[in-house]
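First up is the structure itself, then whatever we jot down about it.
Read-outs throughout are calculated quantities, based only on the coordinates presented, and are distinct from any laboratory measurement. Being a predicted model, the structure only gives us computed values, none of them experimental. Don't worry about glycine lacking a Cβ; one is built from the backbone with ideal geometry, like all the others, and counts go over all protein chains shown.
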Amino acid sequence: MLQANGTKAPGLEKTRVNVAAILKVKGRRVVTTVSDTSLLDITKQLRIHRIGCIVITCPGGKVIGIVSERDIVREIARAGSKVLKKSVEAYMTKAVVTCRESDTIDRLMAEMTAHRFRHMPVVEQGRLIGLVSIGDVVKMHIAEAEMEVAALRTYITTS
Ligand code: AMP
């Protein structure tokens, strides 16, 4: 926010919350598996870790796919529970949209809305270093809005 004299009001500079800030709070652990894992094993991993998606990597650690609970539910509805014996390779999404630590949460919200997904792996120099979900983004967005309200209150009451 600019003051009447054109300078920035102290404490009200627009903060740029990015992916690095989210990873600092939630950590960098990502649940991954390899492409010959069965869909049944994937569902067990989702349950154990209480998560909604798993990133598929090749033995070198490169991201080669992502599978979410939606993919599995859709396939069970289409082909029946026998599909749970099949490996994830045929059912994962291979065109994975990833983000970087420097990306802002505004960019993530735009990507997630445009592509209609809720998860984005964080990749730096070809290496998977974290995963951000829509829940993480919304939480950070609310925290950012609350900080702005607090700064505005301080500005109004002290100027
Ligand atoms: P989600 O909303 O994240 O549960 O995923 C919805 C659909 O998008 C599923 O088919 C996922 O495999 C796919 N998907 C999830 N995250 C990504 C991503 N970052 N890039 C590409 N596809 C994704």
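Quick rundown of the values:
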{"read-out": "Exclusive hit being within 16 Å of the ligand (Cβ to nearest atom) and either on the phi > 0 side of the Ramachandran plot or in contact with a Lys or Arg (Cβ under 6 Å, 6 or more places away or on another chain) (or both), set ILE129, ILE105", "value": "ILE129"}
{"read-out": "Count of the range 114-138 residues which are over 9 Å from the mean Cα position of the chain (by Cα), part of a helix (DSSP H, G or I) and in contact (Cβ under 8 Å) with a residue 40 or more places away in the chain", "value": "0"}
{"read-out": "Flag if ARG153 is loosely packed, with under 14 Cβ neighbours inside 10 Å, of a type in the set (D, E, K, R) and part of a helix (DSSP H, G or I)", "value": "yes"}
{"read-out": "Test result for THR32, over 25 Å from ASP106 (Cβ atoms), β-branched (Val, Ile, Thr) and more than 14 Å from the ligand (Cβ to nearest atom)", "value": "no"}
